[in-house]
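Below: the structure, in structure tokens.
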Amino acid sequence: MQLLFPKEEEIMYAIWKIGHPCGLSEILQTYPELKRNTVAKVLVILQDKGYLRVDSIVKTKTRTGRAYAPAVTQQAYDEQKKIMNDLVESPSVKKGVLAYLSALVDTKGADEELEDMIGQMEDMIRQYREETENR
């Protein structure tokens, strides 16, 4: 999952807050401070990044367009953002990596994925120890 630029994030939070598949017109009605061209462009970008999916085609009084639904939950995005911020803001690389790994283990992902990740980390540690012992 890629982190979002500020305007992308603003529009994504708007869609999460609306709480149901919505079109460009509904986003603009709910958040009139947003500009139509900006929102239209960002919706395409968010779809390309995998954050949105086209849910249906909707009709308004004047237009027909796509209704977008989130493909990523706000909770998942916020967790990922926190993990990345912890990594970037750590005082050292080692502490950052440990904070990152700790946050990954704490996320509520699929147990099978977590077990696979832990197994890979154990393999890397074992390989590191073997290499350092042979020096």
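The values are calculated or read from the model by the stated rules, or taken from the named source; none is laboratory data. Keep in mind that this is a model prediction, so the values were computed, not measured. All Cβ positions, glycine included, derive from the backbone under ideal geometry; neighbour counts span all protein chains shown. Note: areas computed on protein heavy atoms with side chains; ligands, DNA, RNA excluded. Shrake-Rupley method; radii C 1.70, N 1.55, O 1.52, S 1.80 Å.
If you go through the stretch 63-70 one residue at a time, do you hit one that is out of contact with any Pro (no Cβ under 7 Å at 6 or more places or on another chain), surrounded by 11 or more Cβ atoms within 10 Å (Cβ to Cβ) and outside any strand (DSSP E or B)? No, that holds for no residue. The lone criterion from (1) open to solvent by 60 Å² or more (accessible area, probe 1.4 Å); (2) part of a helix (DSSP H, G or I) left unmet by residue 132 is number (1).
Please pick out the residue among 52, 4, 28 that is at pLDDT 90 or above, touching a Phe, Trp or Tyr at 6+ places or on another chain (Cβ under 7 Å) and not hydroxyl-bearing (Ser, Thr, Tyr). Spell out the reasoning first.
On the way: 4 fails: touching a Phe, Trp or Tyr at 6+ places or on another chain (Cβ under 7 Å); 28 fails: touching a Phe, Trp or Tyr at 6+ places or on another chain (Cβ under 7 Å).
Exactly one residue qualifies, and that residue is 52.
Within the stretch 68-94, restricting attention to residues that are without any contact (Cβ under 8 Å) to a residue 12 or more places away in the chain and not β-branched (Val, Ile, Thr), the residue that is nearest to residue 10 (Cα to Cα) is 78. If only one of 116, 78 is open to solvent by less than 70 Å² (accessible area, probe 1.4 Å) and either in contact with a Ser or Thr (Cβ under 7 Å, 6 or more places away or on another chain) or assigned to a helix (DSSP H, G or I) (or both), which one is it? Checking each option against the conditions leaves just 78.
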